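*Asks:* Below: one structure in structure tokens.
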Amino acid sequence: VYKARQKQLDRIVALKILPPGIGDDPAVAARFAREAKALAKLNHPGIVTLFEFGKADGLYFFFMEFVDGVNLRQLMQHGRISPHEALAIVPQICDALQFAHDQGIVHRDIKPENILMDRRGRVKVADFGLAKIVAAVCEDSITQGGGILQSQTAAENITDANRIMGTPQYMSPEQIHAPGEVDHRADIYALGVV
């Protein structure tokens with residue numbers, strides 16, 4: 001991830017790029033595209049905003065909101081956080097995660113490195129690269145009882161739902177033992193660990 005200037009709009013952005021060659025793997029490129037699509041659905045003040053997604057010169061990239069500050073890990077390592085400040089951070093994270101969950105998106109990798117804090121103390125949840133798109137609609141979706149369901153195979157293809165993903169220290173037990181059954185509770189568990 002790089003700090004960059006988006007020339008057309010004359011603004012500072014975060015530029016996330018896949019390393020050269022990695023985008024050649026269709027599965028990795030598809031996960032990168034899913035992250036962009038997941039972020040595009042998440043228009044919330046507590047979630048990093050996606051501005052643009054694409055591929056240039058064989059490299060996949062997206063421009064995101066630049067958060068001028070530090071991540072929670074950096075903040076904790078410098079000992080600059082009081083119990084009162086910590087208690088002010090948690091509800092902001094909960095609000096952002098609730099919004100994502102309401103959109104059918106489970107983050108699956110909540111950890112201090114993915115919680116950004118700007119200079120005013122506002123929280124921004126970042127890195128939805130492991131997001132499980134619970135409510136994704138596929139071409140082979142079927143309508144049943146007024147709701148939309150998708151086949152197990154379609155869900156697996158879109159989300160890598162049956163793959164163990166996350167950072168081990170923050171993963172809920174079901175992320176390891178039953179990754180296909182992970183839901184919003186995995187994010188709540190990880191936040192508790194954080």
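The values are calculated or read from the model by the stated rules, or taken from the named source; none is laboratory data. Here the structure is a predicted model, which is why all the values come from computation and not from measurement. So basically every Cβ, Gly included, is an ideal-geometry build from the backbone, and we count neighbours across all protein chains shown. Surface accessibility is based on the protein's heavy atoms, side chains included, excluding ligands, DNA and RNA. Shrake-Rupley method; radii C 1.70, N 1.55, O 1.52, S 1.80 Å.
*Asks:* For the stretch 3-58, which positions are acidic (D, E) and in a strand (DSSP E or B)? Before the answer, list the steps.
*Replies:* Filtering the stretch 3-58 for residues acidic (D, E) gives 10, 24-25, 35, 52, 57.
The one that is acidic (D, E) and in a strand (DSSP E or B): E52.
*Asks:* Restricting attention to the stretch 90-103, does a residue exist that is of a type in the set (G, A, S) and assigned to a helix (DSSP H, G or I)? Explain how you work it out, then say what you get.
*Replies:* First, the residues of the stretch 90-103 that are of a type in the set (G, A, S): 96, 100.
Checking which are assigned to a helix (DSSP H, G or I) leaves us with 96, 100.
Yes, the stretch 90-103 contains a residue that is of a type in the set (G, A, S) and assigned to a helix (DSSP H, G or I).
*Asks:* Do any residues in the stretch 76-105 that are more than 18 Å from G192 (Cα to Cα) have Cβ atoms under 9 Å from those of residues that are assigned to a helix (DSSP H, G or I) and at pLDDT below 90, where the two are at least six apart or on different chains, and which pairs are they?
*Replies:* Close Cβ pairs (under 9 Å, with a partner that is assigned to a helix (DSSP H, G or I) and at pLDDT below 90) amount to Q103/A38; Q103/K41; G104/K41; I105/A38; I105/K41.
*Asks:* For P112, only one of the following conditions fails: (1) open to solvent by less than 30 Å² (accessible area, probe 1.4 Å); (2) at pLDDT below 90. What is its number?
*Replies:* Exception for P112: condition (2).
*Asks:* Let me ask another. Output the number of the condition that I142 fails; it satisfies all remaining conditions of (1) modelled with pLDDT of 85 or more; (2) farther than 20 Å from D183 by Cα; (3) not polar (S, T, N, Q).
*Replies:* I142 satisfies all of (1) modelled with pLDDT of 85 or more; (2) farther than 20 Å from D183 by Cα; (3) not polar (S, T, N, Q) except (1).
*Asks:* Just to be sure, is M117 within 26 Å of R185 (Cβ to Cβ), touching a strand residue (DSSP E or B) at 6+ places or on another chain (Cβ under 7 Å) and either open to solvent by less than 40 Å² (accessible area, probe 1.4 Å) or part of a strand (DSSP E or B) (or both)? Spell out the reasoning first.
*Replies:* Values: within 26 Å of R185 (Cβ to Cβ): yes; touching a strand residue (DSSP E or B) at 6+ places or on another chain (Cβ under 7 Å): yes; either open to solvent by less than 40 Å² (accessible area, probe 1.4 Å) or part of a strand (DSSP E or B) (or both): yes.
It is true that M117 is within 26 Å of R185 (Cβ to Cβ), touching a strand residue (DSSP E or B) at 6+ places or on another chain (Cβ under 7 Å) and either open to solvent by less than 40 Å² (accessible area, probe 1.4 Å) or part of a strand (DSSP E or B) (or both).
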